[in-house]
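First up is the structure itself, then whatever we jot down about it.
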Amino acid sequence: MSPRPEEAAMRREVVKRIETVIKDLWPTADVQIFGSFSTGLYLPTSDIDLVVFGKWERPPLQLLEQALRKHNVAEPYSIKVLDKATVPIIKLTDQETEVKVDISFNVETGVKAARFIKEYMKKYSLLPYLILVLKQFLLQRDLNEVFTGGISSYSLILMAISFLQLHPRIDARRADENLGMLLIEFFELYGRNFNYLKTGIRIKNGGAYIAKEEIMKVMTNGYRPSMLCIEDPLLPGNDVGRSSYGAMQVKQVFDYAYIVLSHAVSPLARSYPNRDSESTLGRIIKVTQEVIDYRAWIKKKWGSKINLSPELDNRLKVRDQIAPCNGEQQQNRDSEPSYNQRLALSLASTQQLSSGSSASSVSSLSGSDIQHSGMKFSMKGTHNQGNSYSPVSSGGMRQPVGNRGHHQYNRNIWRRKKHRDSLPISLSR
């Protein structure tokens, strides 16, 4: 699911079209990209976040909306002005590519956050691979947006940074560390052990778990720490997880993923193979055929327009070493060749699990609710070495939240257009 050069080229064209309209209105305005496209941590169907800097008493939302309609940049019914939101924005869907775009005015926090994330991506080279898998995992369960009760990309990234900062094993931050094992340990921490009721997450000064009472002392406007309390490293007093009202559902699906993957790599799993999925990661993650077709369409149309800047090119590089699962054969079910470039999450079987994994009790869940198209990952060692996360609460075994989000790919329907070359239908956002 990692970004490809042609996908970046397509997105740059979308940005260029919108920037041209903005520059026609305000020649001195500065248009900047932030969010997932800026950091390179975007999925094929992710939005593009833009911010326009200029001198206005009030954000000229309606004026830009009219200009975008006039130039037919966006689909007519897709443009929405959210002027009552905490951060007023224009939402639209690009006419040619159907990529969704959010435009804000004079908001510096997003640009600073993107810069902050890039610094930690340099510090922890494993961070991008972990984030892309987690974003896909939450996307298909409809828990990747704050307005649906899930957690934002920024919150997820801060949780992953904290996980790596405070990991009890020093070698967990090495570039050659087993990514599959880290994924299981991430699910174990935030699905079972983390005490959401009493503990907040702090990133600055090397990272720490901190009592919510301490965080509340510096919060402004009478706010209280939320269930998923993450201290904003760039804005003291701000709780990044404040609007994630479905944080406990996120915890529940993390717990479910931990159970399924722990069982999948246990010795017991050899006696009860999962015939519904070709890979271990496929037990919890699904890549739909619509997404595969969409990426093939992008490659066909933008493959000849690739002209990456060195900085963006470095962000888009993907590991090529993929360790096959123990006892599994590499299969190619992709409908287009370029999909062979996969996220390098190596999964090889584990001979040992910690005493807390209770593999036999979850054998009924090993069949998985989904299938997977491609990514293989390998695990070795024990998933609970030196487990000394301090803020813990005993996490009992829970069922996942229904099948919520497993039908998420049908929420948004793509419309076929006469001027477009076979753009896939029914692609999820």
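Below is a table of values for the structure above.
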| read-out | value |
| --- | --- |
| Relative frequency of Cα-Cα separations exceeding 21 Å in region 133-274, percent | 45 percent |
| For region 235-246, Karplus couplings with θ = phi - 60° (6.51, -1.76, 1.60), whole Hz, Gly/Pro x | 9, x, x, 9, 9, 4, x, 4, 8, 7, 6, x |
| Links that overshoot a 25 Å alpha carbon limit, given the list Lys100/Lys135; Lys135/Lys217; Lys16/Lys301; Lys16/Lys118; Lys55/Lys122 | Lys135/Lys217; Lys55/Lys122 |
| Charge sum, other residues only, whose C-beta stays under 12 Å from Arg115's C-beta, Lys/Arg counted +1 and Asp/Glu -1 | +1 |
| Dipole magnitude of region 101-141, debye to nearest 20 (Cβ charges: Lys/Arg +1, Asp/Glu -1, about Cα centre) | 180 debye |
| Rg/Rg_ref, region 1-132, where Rg_ref = 2.2 N^0.38 Å and atoms are Cα | 1.07 |
| Directionally averaged shadow of region 212-254, computed from the convex hull of its alpha-carbon atoms, nm² | 3.2 nm² |
| Solvent-accessible area of Glu214 with every protein chain in place, 1.4 Å probe, in Å² to the nearest 10 | 90 Å² |
| Cα pair distances in region 153-194, grouped into 10 Å bins until the bin that holds the longest one, percent each | 27, 61, 11 |
| Nearest-10 value in Å² for the accessible area of Leu166, using the 1.4 Å probe | 50 Å² |
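The values are calculated or read from the model by the stated rules, or taken from the named source; none is laboratory data. Keep in mind it's a predicted model, so treat the numbers as computed, not measured. Don't worry about glycine lacking a Cβ; one is built from the backbone with ideal geometry, like all the others, and counts go over all protein chains shown. SASA here: full protein model, heavy atoms, side chains in, ligands and nucleic acids out. Shrake-Rupley method; radii C 1.70, N 1.55, O 1.52, S 1.80 Å.
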